[in-house]
Amino acid sequence: MKKYPSYLNISVEEFEKRIKDAEQILQSCRICPHQCGVNRIAGEKGLCRSTAQVMVSSYNAHFGEEPPISGIGGSGTIFFTNCTLRCVFCQNYPISQLGNGNPVSISQLSKMMLDLQKRGCHNINLVTPTHFVPQIIAALGQASKDGLSIPIVYNTSGYESLTALKLLEGIVDIYMPDAKYADNMLARKYSGAKNYFDVLKDALREMYRQIGDFKVDKNGVAISGLLVRHLVLPHNLAGTDQILPWIAQNISNKTYISLMAQYFPTFRAADYPQLSRPITRKEYQEAKSVLKQCGFENGWLQQ
Ligand code: SF4
């Protein structure tokens, strides 16, 4: 019978194989769609400004995620330092853009996971994990041997390569990607990501293929599936009226959508006139109408 969480079905040999494959990828890094080709094991850095050394800013039980993710025991968040995107409005910019955090070994990362489980967290919530996927798999292999038995939430910008997602197949039970932009040029301008929407579409398809629709247990706590976050931006810069219909038509309108209204100009947003104010009530109402027109019934609204 299949065990839960999914990574408990992965043998030691399979973990070892994936760790080896992942290490090779780091030698000419193509973990994310930037495909920098730098040797991170030799200390080189690409666009994510990270060598092979894992950096973590903090880890804690977090109660502010969507209700099924936080549950009553909290979500065991691990905030990784640096990011593959360069969002000019990043609300976590001290961590993602300014490099706040400390080096941790694979064994320390594995112990953090076990500690979060011991504290009663429902899951391990990997925040901005993309550039450290190989090291996370290594830490998880160790933690799994040492008794980790809560599911993994992969909390990402949505800018994911199929290479990374294939390495995570059967390891991640809950994918929680952002869907940031429907316009590749705007994604390049505001987040330094080329082909964001094309990459996102492939990534969402692959995530959905791996884990399907979002499911909760009898207590309303997340078990598995896809949960998409969409932050509404001023002037419809996020392309809400294109992203949501695309998800409804190409993934499923049963997808859980977290429609977020909390945008505020921070970090370098003031340098970009269109991003220099919060969203209006009218803009959020329009986003909600799109959600309704697409037939989405599952998820969370903020106003
Ligand atoms: S993970 Fe970092 S170094 Fe690797 S391809 Fe992405 S941005 Fe470049």
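When region 42-63 is limited to residues that are within 11 Å of the ligand (Cβ to nearest atom) and of a type in the set (A, V, I, L, M), the one that is nearest to A139 (Cα to Cα) turns out to be A52. Of the residues making up region 25-35, those that are in contact with a helix residue (DSSP H, G or I) (Cβ under 9 Å, 6 or more places away or on another chain) and either modelled with pLDDT under 95 or not in a loop (DSSP other than H, G, I, E, B) (or both) are I25, L26. Being more than 26 Å from S144 (Cβ to Cβ) and within 16 Å of the ligand (Cβ to nearest atom) is a condition met by no residue of region 105-128. Cβ separations smaller than 9 Å between residues 6+ apart or across chains give the following pairs from region 37-55 residues that are touching a residue at least 40 places away in the same chain (Cβ under 8 Å) and under 16 Å from N102 (Cα atoms) to residues that are within 7 Å of the ligand (Cβ to nearest atom) and open to solvent by 30 Å² or more (accessible area, probe 1.4 Å): C48/C36.
Taking helices (runs of 4 or more DSSP H) that fall entirely within region 61-178, which contain at least 1 residues that are open to solvent by 10 Å² or more (accessible area, probe 1.4 Å) and under 22 Å from P5 (Cα atoms)? The helices (runs of 4 or more DSSP H) meeting that bar are 67-70, 106-118, 133-145, 162-168. Of the residues making up region 289-301, at least one is among the aromatic types (F, W, Y), at pLDDT 95 or above and crowded, with 17+ Cβ neighbours inside 10 Å.
Scanning region 212-223 for residues that are farther than 20 Å from E283 by Cα and crowded, with 22+ Cβ neighbours inside 10 Å turns up at least one hit.
The values are calculated or read from the model by the stated rules, or taken from the named source; none is laboratory data. All values reported here derive from a predicted model rather than from experimental measurement. Heads up, the Cβs are rebuilt from the backbone with ideal geometry, glycines too, and the neighbour counts pull from every protein chain shown. Accessible surface is based on the protein model in full, side chains and every heavy atom, while ligands, DNA and RNA are left aside. Shrake-Rupley method; radii C 1.70, N 1.55, O 1.52, S 1.80 Å.
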